[in-house]
Amino acid sequence: MTNKFIYTPKEYAAKHQITASALRKRRLAGKLEGLYELREGMYFYADGGPNKVNFTGKIGPWSVSKRRNVPRNQTRYTSSSLQQSNDLKQLMRIQGWLKESEIEHITPDIIQVAKERHRVELDKKLKQPFLSNEDLILQQQQKMQDKRLMEQDQRYEAETKNMSSPFETNNIDKRDIYY
């Protein structure tokens, strides 16, 4: 029986049209499980065989591969929500707001929910009466004046409660009356 792990990293990388560094990174990421073995401190790779599909995803122009920094005019989004979702994911990555595992859960549905919430908020604002800036300033001034007047009324009532009339005899002590 012959050993099926016959290719060195350089030979295996050349066969699959990738660099040896890319091959090593795929091995470390766990994408080549079962296709290599470690012998005497060196890695050897197995032949994929004629029926195996090339694992790099470079089969044809229709294959899907991760691309970064693609100009917007060269993208082929089928809907604007996918483009918005990807833009949002990229923003989250750049600014570090979410972890990579959390970013994967951003979907176009989440964007739709956010749009609906925004629409509801706008509807609430539209139902409120429209006032210009001058009207708002006048309204605020009127509220402040009303507040001052109410405070004055409360102070006046408190003072009148504490004051007694000089004509009332209820508060006069009987000892103070001289015969």
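The values are calculated or read from the model by the stated rules, or taken from the named source; none is laboratory data. Quick caveat, the model's predicted, so the values are computed rather than measured. Please note: Cβ atoms are built from the backbone with ideal geometry, for glycine as well, and neighbour counts cover all protein chains shown.
The condition of being modelled with pLDDT of 85 or more, surrounded by fewer than 10 Cβ atoms within 10 Å (Cβ to Cβ) and not hydroxyl-bearing (Ser, Thr, Tyr) holds for only one of LYS174, LYS161, LYS124, LYS115, that being LYS124.
Can you pull out the residues in the stretch 9-39 that are among the acidic types (Asp, Glu) and modelled with pLDDT under 90?
Residues of the stretch 9-39 among the acidic types (Asp, Glu): 11, 33, 37.
Of everything in the stretch 9-39, just one residue is among the acidic types (Asp, Glu) and modelled with pLDDT under 90, namely GLU33.
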